[in-house]
1. Over its Cα atoms, what ratio of radius of gyration to 2.2 N^0.38 Å does segment 40-87 give?
2. Mean residue ellipticity at 222 nm from the helices of the chain, using -39,500 (n - 2.57) per DSSP H segment of n ≥ 4 over the full residue count, to the nearest 500 deg cm²/dmol?
3. If you fit an axis through the alpha-carbon atoms of helix 70-87 and take the longest principal axis of the Cα set of the chain, what angle between them do you get, 0 to 90°, nearest 10?
4. Would you please name the trypsin sites (Lys or Arg not before Pro) within segment 4-96 that are DSSP coil residues with at most 13 other C-beta atoms within 10 Å of their C-beta?
5. Using only the alpha-carbon atoms of segment 1-94, report the extent along each of the three principal axes, biggest first, to the nearest angstrom.
Amino acid sequence: MSADVASLSMRVLEDEKLTYEQKVRLLDEVRKLGDPTENRWNIWYVLFALIALAISVPVAAVYFGGTIPEPVVALGSASVGALATFLNPPRRSRPS
């Protein structure tokens, strides 16, 4: 979040003339002013898509009677790998 938007949200929080409902409404509008990459729902959309792809492999195994088409296996393994990387990101080394 940029410094201007962060300071604006702090000013809304510190304003004693506003009611709680007004502060909630204003903070929601201030949040919308932020960078679209900071939208927390984008992360959930990616996670749900990867989970759906990962679940598709066992479902395909049941549906096809144990013979899973190779493209489905490739998609499933790629999604599991992406989930593992997404949920456990590599650690950054600290400068010494």
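Where a number appears in this text, it was derived from the coordinates with a stated rule and is not lab data. Nothing here was measured: the structure is a model prediction, and the numbers come from that model. For neighbour counting, all protein chains shown are included, and Cβ atoms are generated from backbone atoms with ideal geometry for every residue, glycine included.
1. Values: Rg = 11.7 Å, N = 48, 2.2 N^0.38 = 9.6 Å.
Scaled against compact globular proteins, the figure is 1.22.
2. Details: 4 runs with 67 residues, N = 96.
Helices in the chain give a 222 nm mean residue ellipticity of -23500 deg cm²/dmol.
3. Long axis of 70-87 versus the principal axis of the chain: about 30 degrees.
4. Answer by residue number: LYS17, ARG91, ARG92.
5. Here the spans come out as 66, 38, 16 Å, largest first.
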